[in-house]
Amino acid sequence: SSQKLKEAKRVALETEEVGQGVLADLEAQRETILHVRDNVRTIDSELTQARRSLDRMIALAQRNRMATLIIASVFSLGLAFWLACFLGLSLQKTLLCAIALVLTLVLGLTVRRRLRTGRWELPIHH
């Protein structure tokens, strides 16, 4: 019985050592998981900031594009009006002729661009 007791004690000590090793591994894995969780939170925060920055940049680009289109439209209408003045028409007819010229130019450029890109659907911005 003392031999069995010694054997049981040896098995218990081996089991305790294995258990301590498992606990050490689990603790290391826990630290790794906590570190990964912190990294994921940091990445999420940085992605959120990047998304906001991109949204601001897109909004600014859209405003700049709209301002450019308005300026180009006014300039084109003025140039077309100036050219139409050489026809010697009345002021009203000259203005209508200038508007028709600008609209024809815009339509032609739009068709040309869509033929090149193959995109005929209307652009919808969200």
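The values are calculated or read from the model by the stated rules, or taken from the named source; none is laboratory data. What you see is a predicted model, and the numbers here were worked out from it, not measured in a lab. Here Cβ is always computed from backbone atoms with ideal geometry, including for glycine, and neighbour counts include all displayed protein chains. Surface areas here come from the heavy atoms of the whole protein model, side chains and all, with no ligands, DNA or RNA. Shrake-Rupley method; radii C 1.70, N 1.55, O 1.52, S 1.80 Å.
Do you know which of the residues in the range 99-118 that are open to solvent by less than 80 Å² (accessible area, probe 1.4 Å) and not aliphatic (A, V, I, L, M) is modelled with the highest pLDDT?
G108
Does the range 89-110 hold any residues that are over 43 Å from the mean Cα position of the chain (by Cα) and in a helix (DSSP H, G or I), and which are they?
Result: L91, Q92, K93, T94.
Filter the range 52-98 for residues that are of a type in the set (S, T, N, Q), surrounded by 10 or more Cβ atoms within 10 Å (Cβ to Cβ) and either under 19 Å from L109 (Cβ atoms) or free of Cβ contacts under 8 Å to residues at least 40 places away in the same chain (or both) and give the result.
The answer is S53, N64, T68, S73, S76, T94.
Considering R10, R41, R37, which residue is part of a helix (DSSP H, G or I) and at pLDDT below 95?
After applying the criteria, what remains is R10.
Suppose the filter is in a helix (DSSP H, G or I), modelled with pLDDT of 90 or more and among the aromatic types (F, W, Y); does F86 pass it?
Here the answer is no, as F86 does not meet what is asked.
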